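Colleague: Provided herewith is a single structure, encoded as structure tokens, for subsequent inquiry.
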Amino acid sequence: MKDMSYKAVMARQNEIMRQSLGINYDDYERGGIVFDYEAMMRDIGISIDEVVTIQRELGVGDTPLLEVKNITALARKIAEPGFGARILIKDEAANPSGSFKARRAALSVWDAKRKGYKGVIAATSGNYGAAVASMAAKLGLKCIVIQECFDSELVGQPEILEKQRKCEALGAEVVQLTVGPELFYHALQLLEETGFYNASLYSPSAIAGIETLGYEIARQCREDYHLLPDVVIATQAGGGNLTGTARGLLKAGLRTTKVYAASVDLSGLSMASDRDFNRKSFTTGHTGFGIPFASLPDRSDVPRNAARALRYIDRYLLVKQGEVFYTTEMLASLEGIERGPAGNTSLAAAFALAQTLPEEQTIVVQETEYTGAGKHPMPQLTFAKQNGVHVYIGDPEEEVPGESIVLPAHPSLIRVRDYDMGRLRASALRRLTADGGPWTDEELTYMAEEIHCSVEEIKAMIEH
Ligand SMILES: Cc1ncc(COP(=O)(O)O)c(C=O)c1O
């Protein structure tokens, strides 16, 4: 009998990872802090065109790129003359399980099947679980989803319950946990017991699956709209969405397109706190995940995270909860399209950003998910009120996460707010260099790639 205590299972972590993913991460360590990210991605062994073919066979991808003319017109009405960039949305709700996560799951589950695993396990807040369940159903593998569903009173946030229902409907066994640090332990335990594949959100296959999203945006912009996008906005949580998209744009040859992250500002709320768990209205795409993952990607459930967003982020935009609810309604009432909160986080940022850019420019927004009973503003706002959050109409600038949600009294009150990239890079650098120095040239080059700046800038930052 193996020792299944917390300490013993955690101590076997590397061995469990090797067995459950078929990857030896040590192969990519190059001494000191350097690790060969590109070699790890290359070793998946298939080209992006082959990924596209695999996804097509699974009914994933090739989603519409739609122009939201009425929203663009509204942005132009508010903006100074000559300003108001054109906004296009990439409608990822058209994927089988209703979100862009289908791209990630398609390649993970395909990888599990080619490596001979009988089933897959995903630890997730929901959309990804549904996507893995959907792909496992299609490819005939078993699926277990581990999800933090409740606070300690067993009360569940409507969006989380919505996603739990969807995972089950798609045939997964859902292990429902209360919020806390035991998620990873349970995942390891189940991986070891079942011998299933670790369908981690952060494996190289998962990220390669998202590259097709950027690749498609580039193709559709060229072929359908005869333009190159100036900005692509991706909602940021764990960073896979942005990383995969940016890599796909680069593989399509788009080197000048800027990639901006967008997250809901939940500063002040702790993601691990039982009390705060049900005082937030957004369960992904918020700063509670977005900022820590951008500055320390390897805090994930694999030894080396293939989602390394800071390598690609040009700007990091923050929006308020009330602005996202408003934008959700704006998309429905001006364009006749209802979509989920995660994608509308980017759309809210795009609406404000568009007003600062000339009319000739184009912003592509990743509209990353479907909406459903639990994701809709109505149950979300009702739940927020039940949890003592003050919901009112006014200036979103006044919003205090966990205490208030302020729906903008006028669309001009939706604003562009930048998270300080200097601060983000400094924090990432601090974590990378925690173990000392002096640094070799290879290490300095590696750091520069990791935090998306030059070696000279790194040297200056280290000196300070
Ligand atoms: C619908 C949707 N959009 C965006 C995101 C953010 O993606 P990532 O975690 O890869 O940054 C998520 C992830 O949780 C999601 O489910």
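Colleague: Find the residue count for segment 108-144, including only residues that are within 14 Å of the ligand (Cβ to nearest atom), under 17 Å from Leu21 (Cβ atoms) and not hydroxyl-bearing (Ser, Thr, Tyr).
Modeller: Matching residues across segment 108-144 total 3.
Colleague: Here is a check on your reading of the model: is Asn305 touching a strand residue (DSSP E or B) at 6+ places or on another chain (Cβ under 9 Å) and crowded, with 17+ Cβ neighbours inside 10 Å? Give the derivation first.
Modeller: Working: touching a strand residue (DSSP E or B) at 6+ places or on another chain (Cβ under 9 Å): no; crowded, with 17+ Cβ neighbours inside 10 Å: yes.
No.
Colleague: A follow-up question, please. Which residues, counting only those in segment 137-154, are over 17 Å from Ala102 (Cα atoms) and among the small types (Gly, Ala, Ser)?
Modeller: Once the filter is applied, which keeps residues that are over 17 Å from Ala102 (Cα atoms) and among the small types (Gly, Ala, Ser), segment 137-154 yields only Ser152.
Colleague: Among the residues of segment 228-265 satisfying the criterion of being away from the ligand (no atom under 16 Å from the Cβ) and among the hydrophobic types (A, V, I, L, M, F, W, C), which is surrounded by the most Cβ atoms within 10 Å (Cβ to Cβ)? Spell out how you get there, then give the answer.
Modeller: Step one: of segment 228-265, the residues away from the ligand (no atom under 16 Å from the Cβ) are 228-231, 250-258.
From the residues that got through so far, the ones that are among the hydrophobic types (A, V, I, L, M, F, W, C) too are 228, 231, 250, 252, 254.
Numbers: Leu228: 16, Val231: 22, Leu250: 17, Ala252: 20, Leu254: 20.
The selected residue is Val231.
Colleague: Which count do you get for residues in segment 188-227 that are away from the ligand (no atom under 12 Å from the Cβ) and of a type in the set (A, V, I, L, M)?
Modeller: Selection size over segment 188-227: 8.
Colleague: Counting only residues that are under 17 Å from Ile217 (Cβ atoms) and not in a loop (DSSP other than H, G, I, E, B), which one in segment 81-92 is farthest from the ligand (Cβ to nearest atom)?
Modeller: Checking each candidate, the answer is Arg86.
Colleague: What number of residues within segment 247-284 satisfy the criterion of being at pLDDT 95 or above and either touching a helix residue (DSSP H, G or I) at 6+ places or on another chain (Cβ under 6 Å) or more than 26 Å from Ala208 (Cβ to Cβ) (or both)? If you could, list the steps in order and put the result at the bottom.
Modeller: Of the residues in segment 247-284, the ones at pLDDT 95 or above are 247-266.
Imposing the further condition that a residue be either touching a helix residue (DSSP H, G or I) at 6+ places or on another chain (Cβ under 6 Å) or more than 26 Å from Ala208 (Cβ to Cβ) (or both) reduces the set to 247-249, 251-252, 254, 257, 259, 261-266.
Here the count works out to 14.
Colleague: Take residues that are buried (at least 24 other Cβ atoms within 10 Å of the Cβ) and tell me which of the strands (runs of 3 or more DSSP E) falling wholly in segment 93-200 contain 3 or more. Lay out the reasoning, then the answer.
Modeller: Values: elements: 119-123, 142-150, 173-178.
The strands (runs of 3 or more DSSP E) meeting that bar are 119-123, 142-150.
Colleague: Could I ask something else about it? From Tyr312, Tyr225, which residue is surrounded by fewer than 20 Cβ atoms within 10 Å (Cβ to Cβ) and among the aromatic types (Phe, Trp, Tyr)?
Modeller: Values: Tyr312 fails: surrounded by fewer than 20 Cβ atoms within 10 Å (Cβ to Cβ).
Only one candidate qualifies: Tyr225.
Colleague: Now, a different point. Please go through segment 354-380 and pick out each residue that is in a loop (DSSP other than H, G, I, E, B) and over 20 Å from the mean Cα position of the chain (by Cα). Walk me through it before giving the result.
Modeller: Let us first name the residues in segment 354-380 that are in a loop (DSSP other than H, G, I, E, B), namely 355-357, 359-361, 368, 370-376.
Gln355, Thr356, Leu357, Glu359, Glu360, Gln361, Ala373, listed by residue number.
Colleague: Continuing with this model, one more query. Tell me yes or no: at least one residue of segment 301-321 is touching an Asp or Glu at 6+ places or on another chain (Cβ under 8 Å), of a type in the set (S, T, N, Q) and within 11 Å of the ligand (Cβ to nearest atom). Talk me through it step by step, then tell me what you get.
Modeller: Residues of segment 301-321 that are touching an Asp or Glu at 6+ places or on another chain (Cβ under 8 Å), as a first pass: 304-305, 308, 310-311, 315-321.
Keeping just the survivors that are of a type in the set (S, T, N, Q) gives 305, 321.
If we keep only those that are within 11 Å of the ligand (Cβ to nearest atom) too, we end up with 305.
The answer is yes, given that some residue of segment 301-321 is touching an Asp or Glu at 6+ places or on another chain (Cβ under 8 Å), of a type in the set (S, T, N, Q) and within 11 Å of the ligand (Cβ to nearest atom).
Table: residues versus (1) under 18 Å from Val264 (Cα atoms); (2) crowded, with 22+ Cβ neighbours inside 10 Å; (3) within 13 Å of the ligand (Cβ to nearest atom).
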site: Gly340; (1), (2), (3): yes, yes, yes
site: Gly343; (1), (2), (3): yes, yes, yes
site: Ser346; (1), (2), (3): yes, yes, yes
site: Leu357; (1), (2), (3): no, no, no
site: Ile363; (1), (2), (3): no, yes, no
site: Thr371; (1), (2), (3): yes, yes, yes
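Matching residues to (1) polar (S, T, N, Q); (2) within 19 Å of the chain's Cα centre (by Cα):
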site	(1), (2)
Gly84	no, no
Ile87	no, no
Lys90	no, yes
Phe100	no, yes
Arg104	no, yes
Ser152	yes, no
Ala169	no, no
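Colleague: Which residue, of Phe282, Phe293, is within 18 Å of Val319 (Cβ to Cβ), within 13 Å of the ligand (Cβ to nearest atom), more than 12 Å from the chain's Cα centre (by Cα) and surrounded by 19 or more Cβ atoms within 10 Å (Cβ to Cβ)? I'd like the intermediate steps shown before the answer.
Modeller: Values: Phe293 fails: more than 12 Å from the chain's Cα centre (by Cα).
So the residue among Phe282, Phe293 that is within 18 Å of Val319 (Cβ to Cβ), within 13 Å of the ligand (Cβ to nearest atom), more than 12 Å from the chain's Cα centre (by Cα) and surrounded by 19 or more Cβ atoms within 10 Å (Cβ to Cβ) is Phe282.
Colleague: Give Phe325, Phe383, Phe351 a once-over and let me know the one that is in the same structural domain as Ala246 (by TED's automatic domain parsing), surrounded by fewer than 22 Cβ atoms within 10 Å (Cβ to Cβ) and part of a helix (DSSP H, G or I). Even if it seems obvious, please write down each step before you answer.
Modeller: Details: Phe325 fails: surrounded by fewer than 22 Cβ atoms within 10 Å (Cβ to Cβ); Phe351 fails: surrounded by fewer than 22 Cβ atoms within 10 Å (Cβ to Cβ).
On inspection, the qualifying residue turns out to be Phe383.
Colleague: Shifting gears a bit: Being under 19 Å from Gly288 (Cβ atoms) and part of a strand (DSSP E or B) is true for just one of Ile393, Ile405. Which residue is that? First the steps, then the outcome.
Modeller: On the way: Ile393 fails: under 19 Å from Gly288 (Cβ atoms).
Only one candidate passes the filter, namely Ile405.
The values are calculated or read from the model by the stated rules, or taken from the named source; none is laboratory data. Only a predicted model underlies this, so the values are computations on that prediction, with no experimental measurement involved. FYI the Cβ positions are ideal-geometry reconstructions off the backbone, even for glycines, and counts take in every protein chain you see.
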